[in-house]
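Working notes, beginning with the structure itself.
The values are calculated or read from the model by the stated rules, or taken from the named source; none is laboratory data. Quick caveat: nothing in here was measured; it's all calculated off a predicted structure. Every residue, glycine among them, receives a Cβ derived from its backbone with ideal geometry; neighbour counts consider all protein chains shown. Surface areas here come from the heavy atoms of the whole protein model, side chains and all, with no ligands, DNA or RNA. Shrake-Rupley method; radii C 1.70, N 1.55, O 1.52, S 1.80 Å.
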Amino acid sequence: PYSSVNIVSPAQDEVLWNIEGQLDVAATVDPPLQAGHTLQLYLDGQPAAMLAPGNTSTRLSGVFRGAHTLEAEVLDAAGTSLFRSAPLAFSVRQ
């Protein structure tokens, strides 16, 4: 079982400037992702990206100015939710 899933980039309450809609996201999973397990990212409560198995970072497009929340969820090979991070808040400014 997983004991934690945390988004480490962006940071909680971080204000990002002029990112032109491109957001780099990185997460940590403890213990590390098992074979066949993936991360699903949620931006503002909506599915935003399904990472390739084993990956814990990606770039999201279409993230524009305003306040946002980001969550990461570990899924097994069948798509069953195993662990979900707490929501992380950040904002984008121009």
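Quote the FRET efficiency, to the nearest 0.05, computed for Asn18 versus Thr69 with a Förster distance R0 of 25 Å and r equal to the Cβ-Cβ distance. FRET efficiency, Asn18 to Thr69: 0.75.
Computed over region 48-94, relative contact order equals 36 percent, with contacts defined as Cα pairs under 8 Å that lie 6+ residues apart.
All other residues whose Cβ lies under 13 angstrom from that of Ser91 are scored, Lys and Arg at +1 and Asp and Glu at -1, for a net of -1.
Charge dipole of the chain (Cα centre as origin; +1 on each Lys and Arg Cβ, -1 on each Asp and Glu Cβ, all else neutral): 140 debye, rounded to the nearest 20. Per-peptide packing, taken as the mean over residues of other Cβ atoms within 10 Å, places 66-77, 14-25 in the sequence 66-77, 14-25 from highest down.
Carbon and sulfur atoms: what percent of the 1.4 Å accessible area of the chain do they account for?
Values: 2600 of 5170 Å².
That share works out to 50 percent.
The C-alpha atoms of the chain occupy a region whose extents along the principal axes are 40, 20, 18 Å, arranged from largest to smallest.
The 3J(HN,Hα) values that the Karplus relation (6.51, -1.76, 1.60; θ = phi - 60°) gives for region 73-82 are, in residue order, 10, 8, 10, 7, 4, 8, x, 7, 5, 10 Hz. Gly and Pro appear as x. Normalising the average separation of contacting C-alpha pairs (under 8 angstrom, six or more residues apart) by the number of residues puts the relative contact order of the chain at 36 percent. A full extension of the chain between Ser3 and Asp76 corresponds to an added length of 24.8 nm, given 0.36 nm per residue minus the alpha carbon distance.
In this structure, the amide hydrogen of Ala48, modeled 1.01 Å from its nitrogen in the peptide plane, lies closer than 5 angstrom to those of Leu41, Tyr42, Leu43, counting only residues at least 5 positions away or on a different chain.
Using the Karplus relation 6.51 cos²θ - 1.76 cosθ + 1.60 with θ = phi - 60°, the per-residue 3J(HN,Hα) values for region 2-13 come to 8, 9, 7, 9, 10, 8, 9, 8, x, 7, 4, 6 Hz, with x marking Gly and Pro.
Modelled spin labels at Ala35 and Arg84, positioned 7 Å past Cα toward Cβ, are 2.9 nm from each other. Reducing region 70-94 and region 24-58 to their Cα centroids gives an inter-centroid distance of 7 Å.
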